[in-house]
Amino acid sequence: MSLIVHKYGGTSMGSTERIASVARRVAKWVRAGHQLVVVPSAMSGETNRLLGLAKELMPNASMASTPEALRELDAVAATGEQVSVGLLALALQAEGVPAVSYGGWQVPIETDSAFTKARIRRIDDARIRADLAAGRVVIVTGFQGIDPQGNVTTLGRGGSDTSAVAIAAALKADECLIYTDVDGVYTTDPRIVPEARRLHTISFEEMLEMASLGSKVLQIRSVEFAGKYRVPTRVLSSFTPWDIPIKEEAVSGTLITFEEDEKMEQAVVAGIAFNRDEAKVSIIGVPDRPGIAFQILGPVADANIDVDVIIQNVSHDGRTDFSFTVHRNDYARTLDLLKGTVLPAVGAAEVLGDAKICKVSIVGIGMKSHAGVAAKMFRTLSEEGINIQMITTSEIKTSVVIDEKYMELAVRALHKAFDLEQPAAA
Ligand code: ASP
Ligand code: MG
């Protein structure tokens, strides 16, 4: 007998028929002798609908960032998952399987008080364990928790992934199965490269990079949790027939692994990630003296704007150019800040911006031990005539910033150059 956590995304919970099918799948696992904790998302579109209602009642965006309003946004958004758990418990009971539902506050799942992006601090497993011991399936809301003052909080969009992995960690579950509308983690987005291939396994570090570089399969924090507590986590499809044999289901999808030598597929590069959410700003003719990076980026950080890729050019006649990327949502604010206060303060010549950029990255733990991987990336892009504007690297990834219009071309060319369409030799 194993203790298994299942997570079902919004599409899997999208209608009462789908919920009934989730219940049958869960019942199948229970009848095979496993203990089950299930973490569902809100029904698809529901969180957007709820936040839309909230928006209609808020006259402007600045209201939405007051602590008082953020608290109520969470009170509203958390109800989507509340409905899901109750419906799924009913569907299981209708299948003849004892089941009980809990909201985050009932478990409790304790978080900090950062409304709309709270972090889980502690999960009390006593109540869940007691129910499991009594032979019940326990259904716990994803996405939500409770802060030390007793306020309902949410974990940020896509947060149910994190709830599921965190609950699996707290219970030391044997596996956390994330059922979703794709059948695993791919070498890149199959909508851009039809030859993209599903990975049977991916290392936790690669998955973390893929998630933070733009792959939308899992919420980043869920991957961090999986890594910190070594939760065996598998991403798999919820669209297989509910009655496929467990033996088959249990090895489908993509398993996140923690040991390099466990990795079956020893490709140098595991996948290509891309992201169109960034914009580039440059501040030209900056005096090249100590403290200048801080003078530019300090005010940016104070304005709560996250900076990603940064480059500073070599200086000419004591002056240099400094460029960095920010999220596109922060682009206008960053330009205003640079033009308004930073440029006069540092005595720079000019501020330029470009929102039509994208970041393309190759990711693979094999890069640690293979030379020339980045060079191959640069050669591939140059053969396509694609100009690289910025470069950033870590041990297991190389990212470039390029013109947005070449994004698909770059991803396809790199996918081919690194032989990702071929199954790697085992
Ligand atoms: N329902 C929440 C959302 O849409 C959480 C989740 O689905 O993971 O973001
Ligand atoms: Mg999701």
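Numbers below:
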quantity	calculated
Selection of trypsin sites (Lys or Arg not before Pro), segment 243-326, meeting DSSP coil and at most 16 other Cβ within 10 Å	276
Charge tally in the Cβ shell below 12 Å around residue 95, where Lys, Arg are +1 and Asp, Glu are -1, residue 95 excluded	+4
Two-decimal log10 I(q)/I(0) for segment 145-284, as the Debye equation yields it once each C-alpha is a single scatterer, q = 0.09, 0.17, 0.20 Å⁻¹	-0.31, -0.99, -1.28
Isotropically averaged projected area of segment 237-387, using the convex hull of Cα atoms (one quarter of hull area), nm²	14.2
Local net charge near residue 120, Cβ-Cβ under 15 Å (Lys/Arg +1, Asp/Glu -1)	-2
Shape metrics for the chain, restricted to C-alpha atoms - Rg then Dmax, Å	23.6, 79
In degrees, nearest ten, helix 46-56 long axis to first principal axis of the chain (Cα)	60
Unsatisfied cross-links (Cα-Cα over 22 Å) in the set 339/397; 117/228; 216/397; 216/359	339/397
Per-residue Cβ neighbour rank within 10 angstrom, fewest leading, 105, 242	242, 105
Among 129, 31, 157: highest mean-square fluctuation, GNM of the chain, C-alpha pairs under 10 Å	31
Partner aspartates and glutamates for residue 405 [C-alpha distance under 19 Å; skip if fewer than 8 residues away on the same chain]	189, 277, 278, 354, 383, 384
Contact order relative to length of the chain, as percent, for alpha carbon pairs under 8 angstrom and 6 or more apart	14
Total formal charge among the other residues, if their Cβ is under 14 angstrom from that of residue 146, Lys/Arg +1 and Asp/Glu -1	-1
Å³ per residue enclosed by the Cα convex hull of segment 315-396	149
Segment 180-226: trypsin sites (Lys or Arg not before Pro) in DSSP coil with no more than 13 other Cβ atoms inside 10 Å	191, 216
Kirkwood hydrodynamic radius of segment 27-145, from inverse mean 1/r over distinct Cα pairs, in Å	15.6
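Bear in mind these aren't lab numbers, they're just calculated from the coordinates by the rules spelled out. Quick caveat: nothing in here was measured; it's all calculated off a predicted structure. We place every Cβ from the backbone using ideal geometry, glycine too, and count neighbours over all the protein chains shown.
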